[in-house]
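The block underneath contains the structure these notes are about, expressed in structure tokens.
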Amino acid sequence: MKIMLIDDSKTMRNIQKAVLKQLGHTEIEEACDGQDAMSKVGAFAPDLLLVDWNMPIMDGITFVRTFRKTNKTTPMIMVTTESEKARVIEAIKAGVNNYIVKPFTPDLLCQRINETMQKISSAT
Amino acid sequence: MNEDELRKLVTVQISSDHLLAELLIAPGVTHSELTEVFLQSILDERSIQTSIQSSTAIKEVIESHAENPDKPLKATVATGTPAVDGIDGGIELDEKVQAQLDQINHNKKDASEEDAETIDFYSQSSFVIVTKGQLLGRIIPPAPGTDGTDVCGKSIPAKPGRACPIALENCDLKQDQAIMAKSAGALSLTKTSLRIDAILEISKYVDFSTGNVDFPGSVTIQKGVRDNFIVKAGETIQVFGLVEAATLCAAKDVILSQGMAAKEKGSITTGRNLEAKYIDNVECQIQTNLCIQKEINNCNPTVAGEILSSTCRLIGGETRVAGTCELGQIGSDAGTPTFLHIGCHPELETLIEQAHSLYPLVLAQANHAQTELAQLTAAMGKLTPTQAERLTELQFELSEHQNRVNEVAKAVALLCELHQSKTHIELRVTKKIYPRVELCMNTVRVTFKESVPGPLCIQLRDNGKPEILDVASGNTQLLSEVASVATDPDLPDLKAIHQECLILDKNKQSEAA
């Protein structure tokens, strides 16, 4: 499975990458903001995206909205410090499939990824 | 002078191989009589092929004669071309192989005094060892040669080179006539044959005449192995004579028809069994079984399999064995201190010790990360994005540490299980155990102060206490009744370590659940 990590913090991307590797995922692409992700997403064609909310140049919510205009199906998980209910609803409306609030444990990240993928596969 | 008289004085001499024609002019011929036409006619009469060189030679003869008409004159006027014989076919060895052969031939000659100071004579091998698939050389076809021509223009046939039939054994001959080794082995070469021997048979001693031996297959030595020589084999080593203070190293078995007297300097390492009549003062690493007929004297064998030597005396030294140990007697009348550790696998025990020593370190790191995380979480109110990310980092670090703790516990438990599967505590003695024999099993150290007659069998009970069975009567008693039995805290308690790791693993699993 191909996974794209979109976060301006390299540390966070490394953490997510390590967790994904533990889960057996090795095809991983990284982007440091929404715009960077838009430029890579076509060629990489990910099966899952983990998106941070607050990023420079193009933030996560703008990226989700832009991406969803052309791609309705690829699952996305918002990984963010934005924990208010209104924010969660906003993200879900924009098109994310799941939501993780920082700080999170590696176990929680694993759980959310598995959960999302299971939902997607049972829906199809 | 008339022409007949003149022809008697001017003659041509042709060499026996017909490659040289010389003009001989006796005294009495006048300069006017010696013309180019006349001399050419003389050569024509003898059917000598003339050339520009001949014409020049004729002119020079005439000039020389003019200077000294009264002296006899001899001059070469024609030469032939000798035939170049063909070259016989044969083997052209590969550079590497040839270099090895040259080195061996060089070694066989007496070394100069200068060499004697710098050369390691032990390492001068007298065998060409090749690897499987190695290029050995090439078969060279015979060359036909070039015909020659005699002074009369007749062809001199060249002798063609002869084909040399080469017998190849254990070699592949490729289309381009390249010879490749079919298997690894020792190269044996004659003018008409090339062979690779998968077994290296040494008909004499391994000494300065052979040098050290490092062979990929099996090695058979008809005589013995001298002090300080090394014999390494990719398979089995068999020695029919005495092995002195040498080093034997075989990936499979070492079989000594006699024995080894190593003078505390020799060693044996096997990938499988060691069989011998006796071994004396030898360091041994045996990966499977040790089978000695008569005596193990002052040796330090470590045996990963079993000791199956029911007629053998074990006297002195320190013996460690993983599996069952069968011996004739242990110790001696003279009370030689003899140490025997059964159910012992030093290689695995070292690994367990190393892995187990990591455990407190990784646990301390995990605890430290957990404390730090707890303190930070307590100190922070509503988290800023930076704080939230920092906390995620700490969570990740903690998780990594916990994983490490778990991995170490799992590794130690696995090693302990492997140790358990590879070891067995059982000592059978057919004749006697003498005083001053020390026996270790798990954490128990037994010291024999009195002789204990055989046949006997020593094992550990379920409660860890050693018992002794009198095989003749079938009676069993605690070993502590016939010898001093104590728990030695220096001996690793693998059972306890295993238990500790299993509990940790269980805890981790229940945490995860």
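For the reader, a short list of remarks on this structure follows.
- Selection count, the stretch B:9-32, where residues are under 19 Å from B:ASP70 (Cβ atoms) and surrounded by fewer than 16 Cβ atoms within 10 Å (Cβ to Cβ): 8
- Filtered residue count, the stretch A:84-113, keeping only those that are in a helix (DSSP H, G or I), free of Cβ contacts under 8 Å to residues at least 24 places away in the same chain and within 13 Å of the chain's Cα centre (by Cα): 1
- Within the stretch A:15-40, being touching a helix residue (DSSP H, G or I) at 6+ places or on another chain (Cβ under 9 Å) and either free of Cβ contacts under 8 Å to residues at least 12 places away in the same chain or within 14 Å of chain B (Cβ to nearest Cβ) (or both) holds for A:ILE15, A:GLN16, A:ALA18, A:VAL19, A:LEU20, A:GLN22, A:LEU23, A:THR26.
- Scan the stretch A:13-47 for residues that are of a type in the set (A, V, I, L, M) and either farther than 22 Å from A:GLY95 by Cβ or crowded, with 21+ Cβ neighbours inside 10 Å (or both) and the total you get is 8.
- Selection from the stretch A:41-67 of residues that are without any contact (Cβ under 8 Å) to a residue 40 or more places away in the chain and among the acidic types (Asp, Glu): A:ASP59
- The residues of the stretch A:84-99 that are among the basic types (Lys, Arg), closer than 24 Å to B:ARG390 by Cα and away from chain B (no Cβ under 14 Å) amount to a single one, A:LYS85.
- Subset of the stretch A:22-57 that is charged (D, E, K, R) and assigned to a loop (DSSP other than H, G, I, E, B) - its residue that is nearest to A:PRO75 (Cα to Cα): A:ASP47
- Residue match in the stretch A:68-83 (condition: within 14 Å of chain B (Cβ to nearest Cβ), of a type in the set (Gly, Ala, Ser) and without any contact (Cβ under 8 Å) to a residue 60 or more places away in the chain): yes
- Within the stretch B:407-455, being acidic (Asp, Glu), out of contact with any Ser or Thr (no Cβ under 9 Å at 6 or more places or on another chain) and either touching a residue at least 60 places away in the same chain (Cβ under 8 Å) or buried (at least 16 other Cβ atoms within 10 Å of the Cβ) (or both) holds for one residue alone: B:GLU417.
- Residues being open to solvent by less than 10 Å² (accessible area, probe 1.4 Å) and hydrophobic (A, V, I, L, M, F, W, C) - total across the stretch B:234-260: 10
- Looking across the stretch A:100-116, the residues that are more than 14 Å from every other protein chain (Cβ to nearest Cβ) and surrounded by 17 or more Cβ atoms within 10 Å (Cβ to Cβ) come down to A:ILE113, A:THR116.
- Count of residues meeting criterion [surrounded by 15 or more Cβ atoms within 10 Å (Cβ to Cβ), out of contact with any Lys or Arg (no Cβ under 8 Å at 6 or more places or on another chain) and outside any loop (DSSP other than H, G, I, E, B)] in the stretch B:149-188: 4
- Selection within the stretch B:74-90 - open to solvent by 40 Å² or more (accessible area, probe 1.4 Å), aliphatic (A, V, I, L, M) and either on the phi > 0 side of the Ramachandran plot or in contact with a Leu (Cβ under 6 Å, 6 or more places away or on another chain) (or both): none
The values are calculated or read from the model by the stated rules, or taken from the named source; none is laboratory data. Predicted model, so just to flag it, every value in this text is computed and none were measured. Quick reminder, even Gly has a Cβ in these numbers, built from the backbone with ideal geometry, and neighbours come from all protein chains shown. For accessibility, only protein heavy atoms count, side chains too; no ligands or nucleic acids. Shrake-Rupley method; radii C 1.70, N 1.55, O 1.52, S 1.80 Å.
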